[in-house]
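A short reminder: the numbers here are calculations on the coordinates, not readings from a lab. A quick note: this is a predicted structure, and the numbers were derived from the prediction, not measured. Cβ: placed from backbone, ideal geometry, glycine included. Neighbour counts: every protein chain shown.
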């Protein structure tokens, strides 16, 4: 039997749309950021959300547990601070950034406009573990 004539696997669910206008603040939060779940608990191994950083704000130091995170900068100019606060990665619209699992980091918006990022994580639902500081203990209200 040729590969073209073999039966193809069928999708396990229909195509799902999460409209930007319908997203609500949800999931794990850190001070200074609004996280809005878009596609969660629909499939194993991947989820997506939107993060909005208001002007002149920064998140708490946090990590995302065993989840790798890809950031796509949609609007505004924001920064990912990592390596104990010693490394800054600036993102402008269209840029991508990988934040590896367990990497402590902080999102920063030093500008005068909102920063909006699309976030894709390697888990079924986003995990946020807030810390008391760089190398710190888990803060109250994580996950």
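Restricting attention to segment 36-53, the residues that are within 20 Å of residue 101 (Cα to Cα) and in contact (Cβ under 8 Å) with a residue 60 or more places away in the chain add up to 12. In summary, residue 67 fulfils each of the numbered conditions (1) loosely packed, with under 15 Cβ neighbours inside 10 Å; (2) outside any strand (DSSP E or B); (3) touching a strand residue (DSSP E or B) at 6+ places or on another chain (Cβ under 8 Å); (4) touching a residue at least 24 places away in the same chain (Cβ under 8 Å) with the single exception of condition (1).
Kindly evaluate residue 23 against the criterion of being over 16 Å from residue 91 (Cβ atoms), touching a residue at least 24 places away in the same chain (Cβ under 8 Å) and either in contact with a helix residue (DSSP H, G or I) (Cβ under 7 Å, 6 or more places away or on another chain) or surrounded by fewer than 16 Cβ atoms within 10 Å (Cβ to Cβ) (or both). Taking the combined requirement at face value, the residue does not satisfy it.
One residue stands out in segment 99-137 among those that are free of Cβ contacts under 8 Å to residues at least 40 places away in the same chain and touching a strand residue (DSSP E or B) at 6+ places or on another chain (Cβ under 6 Å): the one that is surrounded by the most Cβ atoms within 10 Å (Cβ to Cβ), namely 99. On inspection, residue 24 passes the criterion of being farther than 21 Å from residue 134 by Cβ and either more than 18 Å from the chain's Cα centre (by Cα) or assigned to a loop (DSSP other than H, G, I, E, B) (or both).
Restricting to segment 49-63, and then to whatever is assigned to a strand (DSSP E or B) and under 16 Å from the mean Cα position of the chain (by Cα), can you tell me which residue is nearest to residue 39 (Cα to Cα)?
We begin by selecting, within segment 49-63, every residue assigned to a strand (DSSP E or B); these are 49-53, 57-58, 62-63.
With under 16 Å from the mean Cα position of the chain (by Cα) added as a condition, the list becomes 49-53, 58, 62-63.
Details: 49: 7, 50: 10, 51: 13, 52: 16, 53: 20, 58: 24, 62: 21, 63: 20 Å.
Top of the filtered list is 49.
Just to be sure before I move on: is residue 89 crowded, with 17+ Cβ neighbours inside 10 Å, without any contact (Cβ under 8 Å) to a residue 40 or more places away in the chain and not in a loop (DSSP other than H, G, I, E, B) in the structure I sent?
No, not satisfied.
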